[in-house]
Every structure is written in C-alpha cells, then in structure tokens.
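Below is one structure; the comments refer to it alone.
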Amino acid sequence: MSSPARKRELGRGERLLPGVWRLRLPLPWPGIPHGNAWALAAGDGIVLVDCGMHEPGSFLQLERALDQVNLSVEQVKLLVCTHAHSDHYGQAAEVIARSGCELWMHPNYEHMTSYAADPEAALEMRIEIARHCGVPQEPLEQFAQSRRGQGSGIAGVVLPHKQLLPGVQIATDVGTWSVHETPGHAPSHVSFFEPDHRLLISGDHLLGRVAPFYDYGWSPDPVGEFLNSLEVVDRLDARLCIPGHGRSFTDVHAHVVANQTLVAERIAKVQAAIARRSRTVVEIVPEVYGEPANAALGAWWMLETLAYLDHLALIGDAVRDGGDADLSEAGKGWQWRAS
Ligand SMILES: [Zn+2]
Ligand SMILES: [Zn+2]
C-alpha cells in the first residue's frame with residue numbers, strides 16, 4: 001500500500017553538553033515527526049540511550065546522526081533503553097549486530113515481545129477494546145484498514161543482557177547514572193539520573209510537551225503508576241531533563257506539576273461525565289477533550305479515557321457494566337457510571 005508523500009525528516013546529531021549528544025531520528029507518525037536517542041561518552045566508546053524505530057532506511061538515519069557528531073555505531077559499548085516502545089527500542093537488534101554491545105532494559109517488556117510476535121493480533125485486541133468503548137462499526141473498519149500490514153517498527157526481538165532495575169549503575173564520562181522505575185507510559189519504563197550535574201534522562205515519562213500516554217492493558221492502573229512515577233522523578237530534583245522527544249528543558253519540577261494538573265483535570269472531567277448516568281467511553285471523550293474522537297487522535301483519547309476510568313474503578317469511584325451485549329450495534333459495550 002502506498003502512503004501519501006510526506007516530507008521526511010533526516011537524522012540529525014548535535015552536542016547538548018560535553019560528552020552528551022542528541023541524535024534526532026525521524027518517525028513516520030503524524031504529530032510526532034522525530035524521537036531522540038542520546039549518545040553518552042564512555043572512555044573510547046559511547047553508551048547509547050534508545051535507538052529509534054525500525055523501518056526501511058531508518059538505520060541510515062541513525063548512522064547519519066552519529067556521523068554528524070563524529071561518532072559511529074561501532075563505538076556503541078552499551079545500549080540502554082528507557083522503555084520497549086518501537087521508537088526507542090526498534091533498532092536494538094541492528095545496533096547489537098553491528099557493534100556487539102550489550103542491551104540493558106527493564107524486565108517488564110512483555111508489551112513489546114507480544115506486540116512484535118504478532119502485530120495483527122495486537123491490532124485485533126485494540127479493535128475489540130474500541131468496540132467495547134462504543135465505537136461504531138464503520139469508523140472501526142476504516143481504522144483497522146489503515147493499520148493492517150504496517151509492521152511493528154521493531155527490527156527483531158533481542159532480550160536484555162541485564163535488567164535495568166534500581167541499584168544498577170551506568171558509568172559514563174559525564175558521571176554515573178542511577179536507574180529509577182517510572183512505569184505508567186509503559187510498564188518497562190525507566191529514567192536515569194546523574195547527580196553531579198543533576199541530569200535526568202526521562203524517555204517518554206516526562207516531555208517538554210504535556211501529553212500523557214498510557215500503554216493500556218498491561219497493568220491494572222497505568223494512571224496510578226504514572227502519578228507515582230512523577231513523584232519519583234520530582235524527588236530527584238533534576239536541573240536539566242533530557243527527554244525522548246523534543247528539546248531538553250530546565251524547570252523539571254514545573255513540568256511534573258503541569259502533568260499532575262492535566263491528569264487531575266482530565267480525571268475530574270471523566271468523573272463529571274459519569275456523575276448522573278451511565279456512559280460509554282465514546283460518549284465521555286468529547287467532554288474530556290472538548291471535541292468528539294477524530295481519526296487522528298481518537299484511538300489515543302479513547303485509551304487514555306479508558307485508563308482514567310480503570311483508575312477510578314480501582315479507587316472505588318466508578319463501576320463498569322455490560323460488555324457482553326451485541327457489540328455490532330452502535331452504542332453498546334461497556335457502560336461506566338459513578339459509584
Ligand atoms: Zn513510548
Ligand atoms: Zn517515544
């Protein structure tokens with residue numbers, strides 16, 4: 001299937017600090033044109049933090065970005081992944097094949113291995129969830145059609161040589177980084193902190209832009225996990241945050257507060273939407289985001305709203321009914337109400 005022509009970004013490398021380079025790698029997603037990998041000087045080589053998504057020609061972009069800052073993939077002594085999403089882990093197999101490096105990653109990566117093993121089954125699961133959310137048949141089929149056969153963005157599954165858990169240290173010329181579990185965005189998410197310069201490598205947990213995303217279906221309460229993980233990074237008192245997308249930023253505490261505020265606002269809107277009667281997720285979405293779900297962002301909004309509802313159910317503020325009804329009929333599916 002041919003995709004509409006779009007101006008693709010190229011891989012770009014730039015120095016952020018002595019011994020820290022940003023590798024800006026293109027992504028095929030609307031609204032998210034690129035992601036960051038980071039190279040950290042380590043003796044005669046580098047530690048690579050994340051490695052970009054796998055798609056045709058993508059490895060050349062990583063090589064291009066490294067070359068712009070006089071580095072090469074052969075210099076990678078260690079690959080660490082902030083989490084196992086395709087845009088951070090996708091090229092791990094190729095990096096390892098080329099450099100012979102080790103991969104360190106958090107052990108809760110099942111969300112990636114099951115997705116990589118069968119992307120079509122993962123898509124079917126999402127469609128089933130959307131049906132339960134009250135999405136009518138026609139837009140659902142359009143969504144499925146647009147996604148089928150897109151591939152996983154993962155070159156191959158390689159399992160970590162070492163588990164990135166608290167207590168593990170990553171030695172670089174910049175300093176020694178500690179590992180902090182920050183699930184919520186993804187169950188495999190970790191952040192790294194270097195105390196001498198108070199640097200935080202935040203992956204997708206904390207970005208310059210406040211845009212929460214929860215990898216739905218792998219843990220009972222990703223929203224609760226995310227809120228807890230915000231406190232984890234806030235306590236580190238970082239001076240500079242080095243994120244998985246976009247530019248690095250100071251005011252780390254202000255970014256934590258902005259995320260907490262937005263999540264609290266959205267949860268309050270979800271609660272208001274189910275206060276008086278039972279609603280489906282599709283009915284709740286416009287009251288949270290100010291407009292009905294659209295093709296570009298509908299799936300994202302639905303899963304985010306569902307994550308808030310699960311969170312409310314876990315703390316005893318919401319109940320879910322139904323789900324066994326005839327789902328082919330529009331408006332059927334899970335009904336949520338306040339309890
Ligand atoms: Zn991610
Ligand atoms: Zn990402």
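The values are calculated or read from the model by the stated rules, or taken from the named source; none is laboratory data. Computed from a predicted model, the values in this text were never measured in an experiment. Ideal geometry is used to build each Cβ from the backbone, glycine not excepted, and the neighbour counts take in all protein chains shown.
Which one of these is of a type in the set (G, A, S), assigned to a strand (DSSP E or B), away from ligand 1 (no atom under 12 Å from the Cβ) and surrounded by fewer than 22 Cβ atoms within 10 Å (Cβ to Cβ): S178, S191? That would be S178, the only listed residue that is of a type in the set (G, A, S), assigned to a strand (DSSP E or B), away from ligand 1 (no atom under 12 Å from the Cβ) and surrounded by fewer than 22 Cβ atoms within 10 Å (Cβ to Cβ). Yes or no: segment 246-258 includes at least one residue that is at pLDDT 95 or above, within 30 Å of P136 (Cα to Cα) and in a loop (DSSP other than H, G, I, E, B). Scanning segment 246-258, I find no residue that is at pLDDT 95 or above, within 30 Å of P136 (Cα to Cα) and in a loop (DSSP other than H, G, I, E, B), so the answer is no. For segment 48-69, does any single residue satisfy the condition of being in a helix (DSSP H, G or I), charged (D, E, K, R), more than 16 Å from ligand 2 (Cβ to nearest atom) and in contact with a His (Cβ under 8 Å, 6 or more places away or on another chain)? No. Would you check if A39 is touching a residue at least 24 places away in the same chain (Cβ under 8 Å), within 16 Å of ligand 1 (Cβ to nearest atom) and closer than 22 Å to V158 by Cα? Answer is no for this residue. Out of the residues in segment 80-108 meeting the condition of being of a type in the set (A, V, I, L, M, F, W, C) and within 16 Å of ligand 2 (Cβ to nearest atom), tell me which one is surrounded by the fewest Cβ atoms within 10 Å (Cβ to Cβ). Across segment 80-108, the extreme among qualifying residues is M105. Report yes if G224 is small (G, A, S) and away from ligand 1 (no atom under 16 Å from the Cβ), otherwise no. So G224 passes the test. Answer yes or no: is there a residue in segment 304-321 that is within 16 Å of ligand 1 (Cβ to nearest atom) and under 18 Å from G217 (Cβ atoms). Yes, segment 304-321 contains a residue that is within 16 Å of ligand 1 (Cβ to nearest atom) and under 18 Å from G217 (Cβ atoms). Screening segment 194-211 for residues that are more than 17 Å from the chain's Cα centre (by Cα) and of a type in the set (D, E, K, R) and picking the one that is surrounded by the most Cβ atoms within 10 Å (Cβ to Cβ) gives E194. Checking each residue in segment 74-104 for being under 17 Å from D215 (Cα atoms) and not in a loop (DSSP other than H, G, I, E, B) picks out S86, D87, H88, Y89.
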